[in-house]
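Report on one structure; see the data block that follows.
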Amino acid sequence: MNRESNILTPVALEIILNAGNAREKSEEAIQYAHKGDFANAHLSLKQARKMMLAAHHAQTEIIQKETQGENFHLDLLFIHAQDTLMTIRSELNLRKELINLYEFIHHMTNTSQ
């Protein structure tokens with residue numbers, strides 16, 4: 001089966017694009033937090049989560065079709081998309097915790113002075 005006839009190719013690209021955009025937004029959130037701008041940090045995180053949700057929905061749609069009996073030709077691009085989604089999801093969770101830590105330290109430093 002060639003790439004043009006594989007229905008998973010556009011889904012894989014959608015997952016990679018949305019997850020990659022989420023990574024960029026979460027990196028932006030960390031930069032805001034580093035500067036003490038927690039409102040924008042949380043806003044960027046919220047945007048990143050929406051992008052991750054879009055990537056996750058694309059993946060879930062394929063999984064649901066698979067459970068309903070539809071078979072797909074898996075290729076390296078789709079496997080890469082799955083790996084990208086899981087990696088960036090972990091990064092997003094870690095960055096959320098780091099931002100919370102930045103905020104806690106900022107709050108503790110400013111209340112003790």
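Values computed for the structure shown
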{"quantity": "Top-ranked residue in segment 15-37 [being free of Cβ contacts under 8 Å to residues at least 60 places away in the same chain, out of contact with any His (no Cβ under 9 Å at 6 or more places or on another chain) and over 23 Å from His107 (Cβ atoms); ranked as surrounded by the fewest Cβ atoms within 10 Å (Cβ to Cβ)]", "calculated": "Glu24"}
{"quantity": "When residues of segment 91-113 are limited to those that are open to solvent by 70 Å² or more (accessible area, probe 1.4 Å), among the polar types (S, T, N, Q) and assigned to a helix (DSSP H, G or I), the one farthest from Ala48 (Cα to Cα)", "calculated": "Thr111"}
{"quantity": "All positions within segment 38-88 that are closer than 30 Å to Tyr102 by Cβ, over 15 Å from the mean Cα position of the chain (by Cα) and open to solvent by less than 50 Å² (accessible area, probe 1.4 Å)", "calculated": "Phe38, Ala41"}
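The values are calculated or read from the model by the stated rules, or taken from the named source; none is laboratory data. Computed from a predicted structure; not experimentally measured. When we count neighbours, we look across all protein chains shown, and the Cβ atoms used for this are built from the backbone with ideal geometry, even at glycine. Just so you know, the surface numbers come from the protein's heavy atoms only, side chains and all, with ligands and any DNA or RNA stripped out. Shrake-Rupley method; radii C 1.70, N 1.55, O 1.52, S 1.80 Å.
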